1. Of the peptides 72-80, 47-55, how do they stack up when ordered by the mean number of other Cβ atoms within 10 Å, highest first?
2. Per residue of the range 43-51, what does 6.51 cos²θ - 1.76 cosθ + 1.60 with θ = phi - 60° give for ³J(HN,Hα)? Whole Hz please, x for Gly and Pro, Karplus curve as stated.
3. Could you give the nm distance between label points at residue 109 and residue 81, where each point is 7 Å from its Cα heading toward the beta carbon?
4. Using all Cα-Cα distances in the range 63-107, what percent lands in each 5 angstrom bin from 0 up to the longest?
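Just so it is clear, none of the values below were taken in a lab; they were calculated from the coordinates. Bear in mind the structure is a predicted one, so any value in this text is a computation, not a measurement. Methodologically, a virtual Cβ is constructed for each residue, glycine included, from the backbone with ideal geometry; neighbour enumeration extends over all protein chains shown.
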Amino acid sequence: MSEEAHHTNYVRIWGVLVALLVVSVLGPLIGIQWLTLLTAFGIACVKAYLVAKNFMHINLEPRYVVYFVATALVFMVLLFAGVAPDVMKAEGHGWEKPAWVADAAAASASGAGAEHH
């Protein structure tokens, strides 16, 4: 195969990435939290795909490289799903707040607003 068979318009892809960045930055201004999260993660996935395909040329690698990347992503999702129920709780049985969390809560409750050194 010749080099031109795999030529990609890098400037066009860069423009698409910049446009998606602008959308993901302006998205939170709408104020709908679930829509912001959905579009932010959706745009992040599209941007990651475009970078991997066009700049990292992962589509030109042997098939097993794609399988390794897919397997790593599956393991990452499984790890998050496994630890999220415990890690994302703010309170619970046997759960103790770190000292810096209690200090920050006390400082904000007192209305001090200034940093204590």
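1. 47-55, 72-80
2. Per-residue couplings from phi come out as 5, 4, 5, 5, 5, 5, 5, 4, 5 Hz.
3. According to this spin-label approximation, the distance is 3.8 nm.
4. 5, 17, 14, 15, 11, 10, 9, 7, 7, 4, 1, 0
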